[in-house]
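Note sheet for the following structure.
Every read-out reported here was derived from the displayed coordinates using simple, explicitly stated rules and does not represent laboratory data. Every value quoted in this text rests on a predicted model; they were computed, and no experiment measured them. With ideal geometry, Cβ positions are generated from the backbone for all residues, glycine too; neighbour counts draw on all protein chains shown.
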């Protein structure tokens, strides 16, 4: 697993299926995010890990912010160097600033 630097761009695939916001990380270190933040105005998504914000980019266009307001957690997944999958969840916070 790589070293995590504050405010670095994180490679992740974001999907919303069957009422679940799933985030699959290329670096499995980010599966341990303490919370997921979405800015509803500009559609940016990121996570808090070790007291630092890490940007995941923009929500894909097919994901409605309105739909995300009904869910409380995001499913975080990744693949360890051993090839074993890891899956955790984190609270989802929407901001309307």
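Observations, loosely collected:
- Mean residue ellipticity at 222 nm, helices only, the chain: -500 deg cm²/dmol; runs of at least 4 DSSP H residues each add -39,500 (n - 2.57), and the sum is divided by the number of residues.
- In terms of surrounding Cβ atoms within a 10 Å radius of their Cβ, 44, 70 rank from fewest to most as 70, 44.
- Mean separation of Cα contacts under 8 Å (6+ apart) over length of the range 12-95, as relative contact order %: 35
- In this simple spin-label approximation, residue 71 and residue 88 carry label points 7 Å from Cα along the Cα→Cβ vector, and these lie 1.8 nm apart.
- Antiparallel bridge percentage (DSSP; both residues within the range 12-95; nearest 5): 75
- Contour minus Cα-Cα distance for residue 44 and residue 26 (0.36 nm per residue): 4.6 nm
- Going from the residue with the fewest nearby Cβ atoms within 10 Å to the one with the most, 20, 14 rank 20, 14.
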